[in-house]
Amino acid sequence: LKAEPSSVYKTQPFFYIWIIISAAFQWFQTVDTDRSGFINHSELKQALVNSNWSTFNDETCLMMINMFDRTRSGRIDLYGFSALWDYMQRWRALFQQYDRDGSGSISGTELHQALVQMGYNLSPQFSEAVVQRFTIRGVRPGIQLDRFIQVCTQLQTMTQQFREKDTSMTGNVRLSYEDFLSGAMTRLM
Ligand SMILES: [Ca+2]
Ligand SMILES: [Ca+2]
(Lines give C-alpha, C1' and ligand atoms only; values in the text may rest on other atoms or scores of the structure.)
(Ligands and ions follow the chains in the order given, each with its own letter.)
Protein backbone atom coordinates (compact mmCIF):
# COMPACT_ATOMS: atom_id res chain seq x y z
CA LEU A 1 0.00 0.00 0.00
CA LYS A 2 1.21 3.45 -0.87
CA ALA A 3 0.95 5.81 2.03
CA GLU A 4 -0.89 8.95 1.19
CA PRO A 5 0.98 12.05 2.29
CA SER A 6 -2.25 13.63 3.43
CA SER A 7 -3.28 10.68 5.63
CA VAL A 8 -1.76 12.24 8.76
CA TYR A 9 -3.89 15.32 8.29
CA LYS A 10 -6.94 13.23 7.62
CA THR A 11 -6.61 11.35 10.89
CA GLN A 12 -5.96 14.44 13.00
CA PRO A 13 -9.58 15.56 13.23
CA PHE A 14 -10.52 12.13 14.63
CA PHE A 15 -7.75 12.37 17.19
CA TYR A 16 -8.98 15.82 18.13
CA ILE A 17 -12.56 14.56 18.46
CA TRP A 18 -11.31 11.66 20.59
CA ILE A 19 -9.55 14.08 22.96
CA ILE A 20 -12.71 16.16 23.22
CA ILE A 21 -14.93 13.14 23.90
CA SER A 22 -12.63 11.55 26.50
CA ALA A 23 -12.10 14.84 28.34
CA ALA A 24 -15.82 15.59 28.08
CA PHE A 25 -16.63 12.11 29.39
CA GLN A 26 -14.59 12.70 32.55
CA TRP A 27 -16.30 16.01 33.06
CA PHE A 28 -19.70 14.45 32.29
CA GLN A 29 -19.27 11.92 35.11
CA THR A 30 -18.38 14.69 37.53
CA VAL A 31 -21.31 16.87 36.48
CA ASP A 32 -23.91 14.08 36.39
CA THR A 33 -24.17 14.07 40.18
CA ASP A 34 -27.33 11.92 40.36
CA ARG A 35 -25.82 9.39 37.90
CA SER A 36 -28.87 9.51 35.63
CA GLY A 37 -26.80 9.50 32.45
CA PHE A 38 -28.11 12.94 31.55
CA ILE A 39 -27.28 16.47 32.56
CA ASN A 40 -30.24 18.54 33.66
CA HIS A 41 -30.55 22.27 34.18
CA SER A 42 -29.45 22.34 37.83
CA GLU A 43 -26.48 20.01 37.22
CA LEU A 44 -25.34 22.20 34.35
CA LYS A 45 -25.75 25.33 36.43
CA GLN A 46 -23.57 23.84 39.17
CA ALA A 47 -20.91 22.90 36.64
CA LEU A 48 -20.47 26.15 34.76
CA VAL A 49 -18.63 28.91 36.54
CA ASN A 50 -17.54 32.38 35.53
CA SER A 51 -14.08 33.74 36.18
CA ASN A 52 -15.35 35.36 39.41
CA TRP A 53 -16.62 31.91 40.54
CA SER A 54 -20.28 32.83 40.18
CA THR A 55 -22.44 30.14 38.59
CA PHE A 56 -23.93 30.70 35.14
CA ASN A 57 -27.25 32.52 35.02
CA ASP A 58 -30.45 30.55 34.36
CA GLU A 59 -31.12 32.03 30.89
CA THR A 60 -27.71 31.00 29.54
CA CYS A 61 -28.00 27.50 31.05
CA LEU A 62 -31.44 27.07 29.52
CA MET A 63 -30.21 28.36 26.18
CA MET A 64 -27.39 25.81 26.19
CA ILE A 65 -29.68 22.95 27.21
CA ASN A 66 -31.95 23.84 24.27
CA MET A 67 -28.96 24.00 21.94
CA PHE A 68 -27.46 20.62 22.87
CA ASP A 69 -30.54 18.64 23.90
CA ARG A 70 -30.85 16.29 20.94
CA THR A 71 -33.79 14.36 22.33
CA ARG A 72 -35.90 17.43 23.20
CA SER A 73 -36.27 16.15 26.74
CA GLY A 74 -34.82 19.15 28.56
CA ARG A 75 -31.55 17.39 29.39
CA ILE A 76 -28.26 16.64 27.67
CA ASP A 77 -26.76 13.22 26.93
CA LEU A 78 -23.05 12.48 26.66
CA TYR A 79 -22.83 13.33 22.95
CA GLY A 80 -24.64 16.62 23.41
CA PHE A 81 -22.40 17.27 26.37
CA SER A 82 -19.17 16.72 24.44
CA ALA A 83 -20.43 19.21 21.83
CA LEU A 84 -21.24 21.61 24.66
CA TRP A 85 -17.78 21.08 26.13
CA ASP A 86 -16.16 22.01 22.83
CA TYR A 87 -18.49 25.00 22.51
CA MET A 88 -17.55 26.19 26.01
CA GLN A 89 -13.83 25.92 25.27
CA ARG A 90 -14.30 28.15 22.25
CA TRP A 91 -16.29 30.74 24.18
CA ARG A 92 -13.77 30.76 27.04
CA ALA A 93 -10.96 31.35 24.56
CA LEU A 94 -12.91 34.18 22.90
CA PHE A 95 -13.74 35.69 26.28
CA GLN A 96 -10.06 35.67 27.29
CA GLN A 97 -9.08 37.13 23.95
CA TYR A 98 -11.52 40.04 24.28
CA ASP A 99 -10.85 40.63 27.98
CA ARG A 100 -7.88 42.71 26.91
CA ASP A 101 -6.98 44.09 30.32
CA GLY A 102 -7.28 40.63 31.92
CA SER A 103 -9.77 41.92 34.51
CA GLY A 104 -11.90 38.75 34.29
CA SER A 105 -14.86 40.64 32.85
CA ILE A 106 -15.73 42.30 29.56
CA SER A 107 -16.16 46.08 29.77
CA GLY A 108 -18.24 48.18 27.38
CA THR A 109 -15.15 49.08 25.36
CA GLU A 110 -14.00 45.47 25.23
CA LEU A 111 -17.47 44.29 24.14
CA HIS A 112 -17.51 46.93 21.42
CA GLN A 113 -14.15 45.72 20.10
CA ALA A 114 -15.41 42.14 20.18
CA LEU A 115 -18.59 42.98 18.27
CA VAL A 116 -16.67 44.98 15.65
CA GLN A 117 -14.36 41.99 15.10
CA MET A 118 -17.37 39.70 14.84
CA GLY A 119 -18.61 41.94 12.03
CA TYR A 120 -21.36 43.92 13.77
CA ASN A 121 -21.87 47.54 12.85
CA LEU A 122 -22.98 48.84 16.25
CA SER A 123 -22.07 51.97 18.20
CA PRO A 124 -19.87 51.99 21.35
CA GLN A 125 -22.96 53.28 23.18
CA PHE A 126 -24.80 50.07 22.34
CA SER A 127 -22.12 47.93 24.04
CA GLU A 128 -21.98 50.28 27.04
CA ALA A 129 -25.76 49.98 27.45
CA VAL A 130 -25.59 46.15 27.24
CA VAL A 131 -22.82 46.00 29.84
CA GLN A 132 -24.66 48.40 32.14
CA ARG A 133 -27.81 46.29 31.80
CA PHE A 134 -26.02 43.15 33.02
CA THR A 135 -23.63 44.63 35.59
CA ILE A 136 -24.41 43.80 39.18
CA ARG A 137 -24.73 46.96 41.25
CA GLY A 138 -21.72 48.01 43.24
CA VAL A 139 -19.09 46.31 41.10
CA ARG A 140 -16.99 47.68 38.25
CA PRO A 141 -19.03 47.63 35.00
CA GLY A 142 -18.36 44.43 33.12
CA ILE A 143 -20.00 41.18 32.04
CA GLN A 144 -18.97 37.65 32.89
CA LEU A 145 -18.64 34.72 30.50
CA ASP A 146 -22.30 33.62 30.86
CA ARG A 147 -23.64 37.04 29.82
CA PHE A 148 -21.03 37.33 27.09
CA ILE A 149 -22.24 34.04 25.55
CA GLN A 150 -25.86 35.07 26.03
CA VAL A 151 -25.39 38.52 24.47
CA CYS A 152 -23.39 37.26 21.47
CA THR A 153 -25.75 34.34 20.77
CA GLN A 154 -28.90 36.44 21.05
CA LEU A 155 -27.36 39.14 18.90
CA GLN A 156 -26.60 36.53 16.26
CA THR A 157 -30.15 35.13 16.31
CA MET A 158 -31.78 38.55 16.29
CA THR A 159 -29.52 39.78 13.48
CA GLN A 160 -30.46 36.72 11.45
CA GLN A 161 -34.17 37.38 12.05
CA PHE A 162 -33.69 41.03 11.09
CA ARG A 163 -31.84 40.14 7.88
CA GLU A 164 -34.67 37.84 6.83
CA LYS A 165 -37.01 40.85 6.98
CA ASP A 166 -34.49 43.34 5.61
CA THR A 167 -34.75 42.02 2.05
CA SER A 168 -33.54 45.29 0.49
CA MET A 169 -30.44 45.30 2.80
CA THR A 170 -30.99 48.89 3.91
CA GLY A 171 -30.55 48.21 7.62
CA ASN A 172 -34.15 49.26 8.25
CA VAL A 173 -37.29 47.15 8.42
CA ARG A 174 -40.98 47.80 9.02
CA LEU A 175 -42.29 45.52 11.73
CA SER A 176 -45.89 44.90 12.59
CA TYR A 177 -46.81 45.01 16.27
CA GLU A 178 -47.31 41.24 16.28
CA ASP A 179 -43.99 40.54 14.50
CA PHE A 180 -42.23 42.67 17.08
CA LEU A 181 -43.93 40.84 19.95
CA SER A 182 -43.30 37.39 18.45
CA GLY A 183 -39.59 38.17 18.16
CA ALA A 184 -39.43 39.40 21.75
CA MET A 185 -41.45 36.43 23.08
CA THR A 186 -39.31 33.77 21.37
CA ARG A 187 -36.21 35.36 22.87
CA LEU A 188 -37.73 35.21 26.32
CA MET A 189 -38.33 31.47 26.01
CA1 LIG B 1 -28.12 13.76 35.97
CA1 LIG C 1 -11.75 43.40 30.98
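The values are calculated or read from the model by the stated rules, or taken from the named source; none is laboratory data. Quick caveat, the model's predicted, so the values are computed rather than measured. With ideal geometry, Cβ positions are generated from the backbone for all residues, glycine too; neighbour counts draw on all protein chains shown.
A few remarks follow.
- Cβ-Cβ contacts under 7 Å between residues 6 or more apart (or on different chains), taken from a first residue in segment 92-112 that is among the aliphatic types (A, V, I, L, M) to a second residue that is assigned to a loop (DSSP other than H, G, I, E, B) and more than 16 Å from ligand 1 (Cβ to nearest atom), are listed as Ile106/Asp99; Ile106/Gly142.
- Figure legend. Inter-residue proximity from segment 27-41: first residues more than 16 Å from Leu62 (Cα to Cα), second residues within 16 Å of ligand 2 (Cβ to nearest atom) and part of a loop (DSSP other than H, G, I, E, B), beta-carbon distance below 8 Å, spacing 6+ or different chains. No pairs are indicated.
- Verdict on Leu155 being farther than 28 Å from Leu84 by Cα and either assigned by TED's automatic domain parsing to the domain that holds Leu115 or touching a Lys or Arg at 6+ places or on another chain (Cβ under 8 Å) (or both): no
- Residue match in segment 102-110 (condition: surrounded by 15 or more Cβ atoms within 10 Å (Cβ to Cβ), acidic (Asp, Glu) and in a helix (DSSP H, G or I)): yes
- Selection count, segment 124-182, where residues are within 21 Å of Leu48 (Cβ to Cβ), assigned to a helix (DSSP H, G or I) and hydroxyl-bearing (Ser, Thr, Tyr): 2
- For the condition loosely packed, with under 14 Cβ neighbours inside 10 Å, of a type in the set (A, V, I, L, M) and closer than 28 Å to Val31 by Cα, Ala93 qualifies.
- Per the listing Arg147, Arg163, the residue uniquely modelled with pLDDT of 90 or more and outside the structural domain of Gly74 (by TED's automatic domain parsing) is Arg147.
- Residue check for Ile21: away from ligand 1 (no atom under 11 Å from the Cβ), at pLDDT below 90 and not assigned by TED's automatic domain parsing to the domain that holds Gln154: yes
- Answer from Ser123, Ser82, Ser73 - the residue that is away from ligand 1 (no atom under 16 Å from the Cβ) and either surrounded by 19 or more Cβ atoms within 10 Å (Cβ to Cβ) or at pLDDT 90 or above (or both): Ser123
- A single member of Asp99, Asp69, Asp86 is within 16 Å of ligand 2 (Cβ to nearest atom) and either farther than 14 Å from Gln150 by Cβ or of a type in the set (Ser, Thr, Tyr) (or both), and it is Asp99.
- Some residue of segment 39-54 being buried (at least 19 other Cβ atoms within 10 Å of the Cβ), more than 17 Å from Leu145 (Cβ to Cβ), modelled with pLDDT of 90 or more and of a type in the set (Val, Ile, Thr): yes
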